[in-house]
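Remarks on the structure that follows.
Every read-out reported here was derived from the displayed coordinates using simple, explicitly stated rules and does not represent laboratory data. Predicted, not measured: the structure shown is a model, and the values here were computed from it. Every residue, glycine as well, gets a Cβ built from its backbone with ideal geometry; the counts of neighbours run over all protein chains shown.
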Amino acid sequence: MQKFDNFVACFDVLKNSNRDMAKSDEIYRTGVIGQFSLAFELSWKTLQEVMRAHAINEAENGSPREILKAGFKYNFIDDEQTWLQMLKDRNSATHVYDEEAFEAVLNRVYDSYINAFEHFSEKMLVKIEELKD
């Protein structure tokens with residue numbers, strides 16, 4: 001699935017980013033936040049596509065929030081609260097001008113979002129493989 005492949009490529013860049021550089025270099029930090037936003041966008045769209053392929057009606061239409069809630073309901077994602085916080089951070093990250101708020105988002109990227117994306121990637125591989133059976 002092309003969306004999943006795009007997510008994996010984007011996520012690889014994010015997970016290989018350097019936290020120390022992100023903390024000390026504003027341009028690098030902005031790039032990490034941008035990469036997180038893109039990875040999130042690709043992840044929820046991948047989730048929607050894979051759930052559709054599994055004939056989950058709730059995935060036919062909906063906002064990212066609705067897709068995430070359906071993903072949790074049908075066990076396509078593990079931690080609903082983390083994903084909803086990611087959505088909130090993605091929505092606010094481009095409008096954050098407060099250094100402390102920006103730093104908080106950056107910390108969540110490294111402390112939990114990369115791990116959530118890793119679990120998501122593994123689960124999507126399984127769900128995509130199930131479609132081949």
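Report every pair of residues separated by at least 6 positions or lying on different chains whose Cβ atoms are under 6 Å apart, first residue within the range 29-44 and in a helix (DSSP H, G or I), second of a type outside the set (A, V, I, L, M, F, W, C).
Val32/Ser17; Ser37/Arg90; Phe40/Arg90; Leu42/Asn6; Trp44/Pro64
Give the range 54-67 a look and list any residue that's more than 30 Å from Glu26 (Cβ to Cβ) and either surrounded by 20 or more Cβ atoms within 10 Å (Cβ to Cβ) or of a type in the set (Asp, Glu) (or both), or say none.
Within the range 54-67, Glu58, Ala59, Glu60, Glu66, Ile67 meet the criteria.
Give the residues of the range 11-22 that are assigned to a helix (DSSP H, G or I), over 21 Å from Met51 (Cα atoms) and in contact with a helix residue (DSSP H, G or I) (Cβ under 7 Å, 6 or more places away or on another chain), sorted by residue number. So that I can check it myself, show each step before the final result.
Taking the range 11-22 and keeping what is assigned to a helix (DSSP H, G or I), we get 11-15, 19-22.
In the following step, the residues that additionally are over 21 Å from Met51 (Cα atoms) were identified as 12-15, 19-22.
Those that are assigned to a helix (DSSP H, G or I), over 21 Å from Met51 (Cα atoms) and in contact with a helix residue (DSSP H, G or I) (Cβ under 7 Å, 6 or more places away or on another chain): Val13, Leu14, Lys15, Arg19, Met21, Ala22.
Kindly list the number of the only condition in (1) surrounded by fewer than 18 Cβ atoms within 10 Å (Cβ to Cβ); (2) touching a residue at least 24 places away in the same chain (Cβ under 8 Å); (3) under 20 Å from Arg29 (Cβ atoms) that fails for Asn107.
Asn107 satisfies every listed condition except (2).
Being under 23 Å from Lys132 (Cα atoms) and of a type in the set (Ser, Thr, Tyr) is true for just one of Ser63, Ser43, Ser92. Which residue is that?
Working: Ser63 fails: under 23 Å from Lys132 (Cα atoms); Ser92 fails: under 23 Å from Lys132 (Cα atoms).
When all the criteria are applied, what remains is Ser43.
So in the range 74-104, with the set limited to residues that are within 13 Å of the chain's Cα centre (by Cα) and among the β-branched types (Val, Ile, Thr), which one is surrounded by the fewest Cβ atoms within 10 Å (Cβ to Cβ)?
Thr82
Taking the condition of being surrounded by fewer than 20 Cβ atoms within 10 Å (Cβ to Cβ), among the hydrophobic types (A, V, I, L, M, F, W, C) and in contact with a Cys (Cβ under 8 Å, 6 or more places away or on another chain), how many residues in the range 1-53 meet it?
Residues in the range 1-53 being surrounded by fewer than 20 Cβ atoms within 10 Å (Cβ to Cβ), among the hydrophobic types (A, V, I, L, M, F, W, C) and in contact with a Cys (Cβ under 8 Å, 6 or more places away or on another chain): 1 in total.
From Glu118, Glu66, which residue is under 20 Å from Phe4 (Cα atoms), in contact with a helix residue (DSSP H, G or I) (Cβ under 8 Å, 6 or more places away or on another chain) and without any contact (Cβ under 8 Å) to a residue 12 or more places away in the chain?
Working: Glu118 fails: without any contact (Cβ under 8 Å) to a residue 12 or more places away in the chain.
Answer to the selection: Glu66.
Here's the yes/no breakdown for (1) in contact with a helix residue (DSSP H, G or I) (Cβ under 8 Å, 6 or more places away or on another chain); (2) farther than 18 Å from Asp12 by Cα:
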| position | (1), (2) |
| --- | --- |
| Arg29 | yes, no |
| Ala55 | no, yes |
| Asp89 | yes, yes |
| Val105 | yes, yes |
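Could you figure out which of (1) of a type in the set (D, E, K, R); (2) touching a residue at least 12 places away in the same chain (Cβ under 8 Å); (3) more than 26 Å from Glu129 (Cα to Cα) isn't true of Lys73?
(3)
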